[in-house]
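Written below as structure tokens is the structure these notes are about.
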Amino acid sequence: MEQRILGRTGRPVSVVGLGTWQLGADWGEVEDKDAVAVLDAAVEAGVTFFDTADVYGDGRSEATIGGFLKDNPDLDVFVGTKMGRRVDQTPENYTLSNFRQWIDRSRTNLGVDSLDLVQLHCPPTAVYSSDEVYDALDTLVADGVIRNYGVSVERTDEALAAIARGTTASVQIILNAFRLKPLDEVLPAAKAAGVGIIARVPLASGLLSGKYTKDTAFAEDDHRNYNRNGAAFDVGETFSGVDYETGLQAAREFAELVPEGITTAQAALAWIIAQDGLSTVIPGARTPEQARSNAAAAGFVDQADDMSDAVAAIYDRHFRATVHPKW
Ligand SMILES: NC(=O)c1ccc[n+]([C@@H]2O[C@H](COP(=O)([O-])OP(=O)(O)OC[C@H]3O[C@@H](n4cnc5c(N)ncnc54)[C@H](OP(=O)(O)O)[C@@H]3O)[C@@H](O)[C@H]2O)c1
């Protein structure tokens, strides 16, 4: 699979990575052996980047990855984790001493002395312009407990603030056919500054696979049930913030654009990979088959390249008015 340098980390990572929120919680039950099978299928298919967070299953996702990498010591997988959501997201919680505690826990879970990449996990906007926060992160790099730091943002203005700092290695942001705003300024600014872009929620929580209908039922403990209106966290993280019925209609229109021989989900991922400035896209997978199919999307970028005008037309029709001003 094609590898791209992940911004200021200087490390090559596969253009299709693996999102591992699914291996923790919030997507219905996943058995341990199935979680390991997903990791296994992803690396077999050429994935060299895992995205996780200390809160996914309260550490279960990190620990599953740590166990998997311990059992497979020859693998060279780059792991990005996140911190900051085990307490209230208020600016005063983003201190060096809290960072140390959170990082120590992630190092234990992942079984490493030094974290490859730690991302601030959607902190309050003020944190992105706090000198103290960046000083603390620099201290942790100097101490050798993390190698790189980046941010995972909700909004494009937050991404631009983080990119403007000279030391941010990567920015994780929602980018998919239903969320086009990062293409306006964020990807060009990141490319110019040498900052990596990690595209999350690339399938709009599965909508862009084209497999759901108005009758699809999601489990009680699946955020696509309980956070559909943003009751638990930013609604942008569930179906990338679009109204479900509107998303279904737009997904049907997207499916009509899909070239012969590839799936709708693969077209959605390949179209993201084709965007200038993109480093890696991190679809979440609940089964080994999904992980394999998503990794294969890296081979279909040429086919998806000319979908952009039609994708923009779908966005303008259904989402621009509601999505563009919000994130
Ligand atoms: N704040 C943050 O920093 C943040 C927030 C959200 C996500 N993330 C990261 O980004 C990753 C990706 O985002 P996401 O998982 O929320 O959303 P996503 O990747 O857009 O959607 C994942 C869902 O799409 C479906 N899917 C995946 N591959 C498929 C395939 N090949 N064919 C058909 N359906 C497929 C599955 O749904 P079913 O379960 O219905 O099969 C899967 O659970 C996460 O795992 C996490 O690592 C970070």
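Taking amide hydrogens as modeled 1.01 Å from N in the peptide plane, which residues meet the under 5 Å criterion relative to residue 172, leaving out close sequence neighbours?
Those lying under 5 Å, H to H, from residue 172 are 151, 152, 153, 198.
I need the Kirkwood Rh of the stretch 218-327: take the reciprocal of the average 1/r across all distinct C-alpha pairs and report it in angstrom.
Evaluated on the stretch 218-327, it is 15.3 Å.
Pull up the DSSP beta bridges for the stretch 3-323 and report the antiparallel fraction as a percent, rounded to 5.
For the stretch 3-323, the DSSP antiparallel bridge percentage is about 15.
Calculate, for the stretch 3-323, the solvent-accessible area per residue in square angstrom, rolling a 1.4 angstrom probe over the heavy atoms of the protein chains.
Roughly 39 Å² per residue, with all protein chains present.
Could you work out what % of the accessible surface of the chain is carbon and sulfur, using a 1.4 angstrom probe and leaving DNA, RNA and ligands out of the count?
In the chain, the share of accessible area belonging to carbon and sulfur is 47 percent.
Per residue Cα convex hull volume for the stretch 74-196, in cubic angstrom?
119
Could you work out how far apart the two model spin labels at residue 114 and residue 29 are, taking each label as a point 7 Å from the Cα in the direction of the beta carbon, and quote it in nm?
The modelled label-to-label distance comes out at 4.2 nm.
Note the count of lysine pairs whose C-alpha atoms are less than 21 angstrom apart in the chain, limited to pairs 8 or more residues apart or on different chains.
So the count works out to 4.
Please give me, ordered by residue number, the GluC sites (Glu not before Pro) of the stretch 239-327 that lie in loop per DSSP and have at most 13 other Cβ atoms within 10 Å.
Answer in residue order: 256, 260.
What full-extension length gain, to one decimal in nm, is calculated for residue 226 and residue 74 as 0.36 nm per residue of separation minus the Cα-Cα distance?
Computed gain between residue 226 and residue 74 is 50.7 nm.
Suppose the Debye formula is applied to equal point scatterers at every Cα of the chain; what is log10 I(q)/I(0) at q = 0.06 Å⁻¹?
-0.18
Mind putting a number on the dipole of the chain about its Cα centre? Charges go on the C-beta only, +1 for Lys and Arg and -1 for Asp and Glu, and I need it in Debye to the nearest 20.
It works out to roughly 280 debye.
The values are calculated or read from the model by the stated rules, or taken from the named source; none is laboratory data. Just so it is clear, the structure is predicted and the values come from calculations on it, not from any experiment. Positions of Cβ are backbone-derived with ideal geometry, glycine not excepted, and every protein chain shown enters the neighbour counts. Ligands, DNA and RNA are stripped out before the accessible areas are found, and what is left, the full protein with its side chains, is counted by its heavy atoms. Shrake-Rupley method; radii C 1.70, N 1.55, O 1.52, S 1.80 Å.
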